[in-house]
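Each reported figure results from applying straightforward, stated rules to the coordinates on display, with no laboratory input. Predicted model, so just to flag it, every value in this text is computed and none were measured. Virtual Cβ from ideal backbone geometry, glycine too; neighbours counted across all protein chains shown.
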């Protein structure tokens, strides 16, 4: 199968490309030109620099030969960004995540690409859940902030393209993706655990969060390339093993051959500490729940995560 991948230079894109090549798929990468894939990967794929003068013509020619597009490229949620112009900053999310996604999808549909896979985010459903009330794929979306809103607008536009063309669309809403060399919040937490400083999170065992490892996500994306059951579906996906903050820190420490160093601190005190540091967002992520019900996805596509949380966290923690 010939597959065009955007966002190929990113964490998910690189790992996915190596995996698909190992399964004898042909890969075309399409990127901004500000960064390139590693040389060993670049030598095995076709690469289109979106900044080149004739990039759109080259892209169109290649799309006519493609079986599928996997659209990973996005402006991601930046928690610590301090924009000077909020209006322009927010508009950039819609320019990249909505408008560029739909332009590519329309171009792919005209080129008669069979399937378009869009990596969205569970934040389209909302920012948090109550214990025992996980998000479902058919929930009414409640996106908050420009990142989630721009992804939701793209989803709606893609659904319209699917209705008005022969191209099949698959939308995947994952939670936080973790793995070796990831730069997300879980990687920051791992660094904190490795300092061996006692952490005041011993009482954070009443929340539950869903995650997905890079290996499980890649396995699922490959399935979505050809599964008839994925056609024109919006799919929630995770490791299917939710963790409390305390459980997560314990696993990270154990996988790093360290003894977990945790002590209990009242939530009200923790909240005040994080607030004083200007990190209320970090406190919410540590204490809130965010669960996904993926049973419909697992049964509908006859798939289960090939790797366990324990296996994947251990791989993540190998130095």
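Of note:
- Contact order normalised by residue count of segment 196-261, Cα under 8 Å, 6+ apart, percent: 51
- Axis of helix 267-276 versus longest Cα principal axis of the chain: the two differ by about 60°, to the nearest ten degrees.
- Comparing mean-square fluctuations of 60, 138, 293 from a GNM of the chain with C-alpha springs under 10 Å, the top value falls on 138.
- Top of 102, 236, 21 by mean-square fluctuation, Gaussian network on the chain, Cα under 10 Å: 21
- Helix-derived mean residue ellipticity, 222 nm - over the chain, DSSP H n ≥ 4, -39500 (n - 2.57), to 500: -12000 deg cm²/dmol
- For the chain, the longest principal axis of the Cα atoms and the long axis of helix 100-110 meet at an angle of about 40 degrees.
- Label-to-label distance for residue 311 and residue 257 is 2.3 nm, based on points extended 7 Å past Cα in the beta-carbon direction.
- Residues 209, 142 arranged by fewest to most Cβ contacts within 10 Å: 142, 209
- Counting 0.36 nm for each residue step from residue 57 to residue 181 and taking away their Cα separation leaves a gain of 41.2 nm.
- Segment 123-198 and segment 227-283: distance between their alpha carbon centers, rounded to Å: 15
- Column: log10 I(q)/I(0), Debye, Cα scatterers of segment 243-313, q = 0.21 Å⁻¹: -1.02
- Modelled this way, with points 7 Å down the Cα-to-C-beta line, the labels at residue 275 and residue 205 are 2.7 nm from one another.
- Average silhouette area of the chain, convex hull of alpha-carbon atoms, in square nanometres: 17.0
- Per-q log10 I(q)/I(0), segment 109-193, q = 0.13, 0.18 Å⁻¹ (Debye; single scatterer per alpha-carbon; no solvent): -0.56, -0.90
- Cα gyration tensor category, rounded, prolate or oblate, for segment 1-65 with a/c compared to 1.5: oblate
- In segment 151-224, the convex hull through the Cα atoms has an average projected area of 7.5 nm², a quarter of its surface area.
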